[in-house]
Amino acid sequence: MRLGQTSIVYLISKVVGSLLGFVATVYFARLLGEEVLGYYSITLALVAWLAIAGKIGVTSAIVKRVSEGEEQAFYITAGGLMMGSVFILITLATLAFRGSINRYVGAPVAVFVVILVFAELLRSFAFSSLQGHHLVHVYALLATVKMGVRSIVQIGLVVAGWALSGMLVGYAVAAIVVGIVSLWVLGFRPAMPRREHFRRLTEFAKFSWLGNMRAKTFDSVDIIVLGFFVPAGLVGIYSVVWSITQFLNIFGSAISTTLYPEISKESANENARAVSNLVENALAYAGLLLIPGLIGGAILGDRLLLIYGEGFVEGTSVLVILVAALLAYTYTMQLLNTLGAVDRPDLAFRANAVFIVSNLVLNFALVPTVGWVGAAVATFLSATVGLLIAFRYARALVDFAVPYAEIGRQWVAAAVMGGVVYGIRRVGEIYWVADYNEPFVVSLVGVGAGAYVCVLLGISTRFRTTVTDNLPFDVPVVRG
């Protein structure tokens, strides 16, 4: 029950944050257009990859070692020193190659890149410390605060005429603010680490760093590759589509973030049954939002993208492919999460290596030949390959049963939802209702969500039990 409530706090926080980001993105898309969004997205993708070098797996190692409950301040301090040292090297390299960076992005952003890398490393360091202390709900709330601060600062600076610079500064300010607040909430006091602390962090990080790269490969390698081959406007459309799919991944992310320290703790205590139960629950609910999201995206994708502007409707086909890719990736993430939590980062390293290589090869092969849709196809194919390998490794270590029946019920409920939404859309388009696109889309999404939840409550005992166990009040109808 506690884990479910923590996941709910995380989920609600991320939903609020995503809605803030959605409103801000719509505003920027309409005011600045696809091209500026393209520059912004390419810059953030570049920062994400440089930040990986700064993390070098240390953030994952901090979560793992701190979650074990011993000498926590020593591990956090050691991790911070390791990340700070690498940041200095990143800064020198970025400034040395600032001309090449500016030419690649298409705008003078090299100095912003340094600031953004610092902000991202500080945020990641602070959030990993919170996760290691099992304060996932606090981390989630602060992530929402970050999105709110970012949106407010960005909108204010864009209105003031800063355009791209305002968006980048707003991103950095928000990350720095929540990083500092996170450490303050944690009450962190540095402790002088010994060689043993650096050694144990390094032992885990030397394998887990590829997990950080896997996540960023999935999130941004297509943006990086598109930056070489297609106009900034198409990159801007692609980034908007990607931001929509990320909203659907909130619940899967909530599960993996919440369960990682718990699986780690039970694994350290050699409680195999508890570990198996946690993995089964993760798989049962990983696709809870993505499965109906895939069907909903196929039915409403064009109207949803029309909210951003007519030029963004071009990304409808990309939206459906990316949601399918994210569905496969979310299940992969739960399994790789398990490998790291049971202290087998070496196996996660192998699975991540295959995923990264396949993603890179497929992107560079398909984007020049197929076009920007090839980036989405490459992401889907590599996510599927990663899922197969991660399943093989996780099944060899943990005795868990795949909840096929529960996942099947989610597909049934989503299919019913799709029929309802499609029917209402057809009727609405016959009459004047569809002329008001924004309220029409919001209404259809609301009706679809209600239909999905109601059907799933009716056919899934497991879902009913999970809901009622984690509600702060009794709902007799649901329990029945």
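The values are calculated or read from the model by the stated rules, or taken from the named source; none is laboratory data. Keep in mind the model is a prediction, meaning the values are calculated, not measured. When we count neighbours, we look across all protein chains shown, and the Cβ atoms used for this are built from the backbone with ideal geometry, even at glycine. Heavy atoms of the whole protein, side chains included, go into the accessibility calculation; ligands, DNA and RNA do not. Shrake-Rupley method; radii C 1.70, N 1.55, O 1.52, S 1.80 Å.
Would you check if Val313 is open to solvent by less than 10 Å² (accessible area, probe 1.4 Å), touching a helix residue (DSSP H, G or I) at 6+ places or on another chain (Cβ under 7 Å) and closer than 23 Å to Gly371 by Cα? Criteria not met by Val313. Residues in the stretch 374-397 that are open to solvent by less than 10 Å² (accessible area, probe 1.4 Å) and either touching a residue at least 40 places away in the same chain (Cβ under 8 Å) or of a type in the set (S, T, N, Q) (or both): 9 in all. Selection of the stretch 162-197 for residues being part of a helix (DSSP H, G or I), farther than 30 Å from Thr43 by Cα, of a type in the set (A, V, I, L, M) and open to solvent by 40 Å² or more (accessible area, probe 1.4 Å) yields only Val185. Per the conditions (1) within 20 Å of Leu37 (Cβ to Cβ); (2) open to solvent by 30 Å² or more (accessible area, probe 1.4 Å); (3) assigned to a helix (DSSP H, G or I), the sole criterion not satisfied by Val145 is (1).
If a residue must be outside any helix (DSSP H, G or I) and within 18 Å of the chain's Cα centre (by Cα), how many such residues does the stretch 361-387 contain? Selection size over the stretch 361-387: 0. Listed here are the helices (runs of 4 or more DSSP H) enclosed by the stretch 419-480 that have at least 2 residues being at pLDDT 80 or above and surrounded by fewer than 16 Cβ atoms within 10 Å (Cβ to Cβ): 437-459, 461-470.
Yes/no matrix, rows are residues, columns are (1) aliphatic (A, V, I, L, M); (2) under 28 Å from Ala348 (Cα atoms):
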| residue | (1), (2) |
| --- | --- |
| Ser60 | no, yes |
| Arg65 | no, yes |
| Glu70 | no, yes |
| Met82 | yes, yes |
| Val114 | yes, no |
| Val117 | yes, yes |
| Leu121 | yes, yes |
| Phe125 | no, yes |
| Val138 | yes, yes |
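Kindly indicate whether any position in the stretch 18-37 is of a type in the set (Gly, Ala, Ser), part of a helix (DSSP H, G or I) and surrounded by 24 or more Cβ atoms within 10 Å (Cβ to Cβ). The answer is no; no qualifying residue exists.
Take Phe400 and tell me if it is open to solvent by less than 10 Å² (accessible area, probe 1.4 Å), within 22 Å of Val323 (Cα to Cα), modelled with pLDDT under 95 and of a type in the set (Phe, Trp, Tyr). The answer is no for Phe400. Every condition in (1) touching an Asp or Glu at 6+ places or on another chain (Cβ under 7 Å); (2) closer than 27 Å to Ile52 by Cβ is met by Glu262 except one, and the failing one is (1). Gly132 meets each of the listed conditions (1) modelled with pLDDT of 90 or more; (2) over 17 Å from the mean Cα position of the chain (by Cα); (3) of a type outside the set (A, V, I, L, M, F, W, C) apart from (1). As for the stretch 10-29, it holds at least one residue that is under 30 Å from Leu95 (Cβ atoms) and modelled with pLDDT of 85 or more. Within the stretch 246-288, the set of residues being polar (S, T, N, Q) and either touching a residue at least 12 places away in the same chain (Cβ under 8 Å) or part of a helix (DSSP H, G or I) (or both) comprises Gln246, Asn249, Ser253, Ser256, Thr257, Thr258, Ser264, Ser267, Ser276, Asn277, Asn281. Remark: pairs (first residue in the stretch 47-74, at negative phi and among the aliphatic types (A, V, I, L, M); second residue at pLDDT below 85 and open to solvent by 40 Å² or more (accessible area, probe 1.4 Å); Cβ separation under 6 Å; 6+ apart in sequence or on different chains) = Ala48/Lys216; Ile52/Met213; Ile52/Lys216. Scanning the stretch 64-82 for residues that are open to solvent by 10 Å² or more (accessible area, probe 1.4 Å) and of a type in the set (A, V, I, L, M) yields Ala73, Leu81, Met82.
Just one residue in the set Ala390, Ala401, Ala396, Ala348 is out of contact with any His (no Cβ under 6 Å at 6 or more places or on another chain) and not in a helix (DSSP H, G or I); that residue is Ala401.
Scanning the stretch 240-264 for residues that are under 24 Å from Val361 (Cα atoms), open to solvent by 20 Å² or more (accessible area, probe 1.4 Å) and among the polar types (S, T, N, Q) yields Ser243, Gln246.
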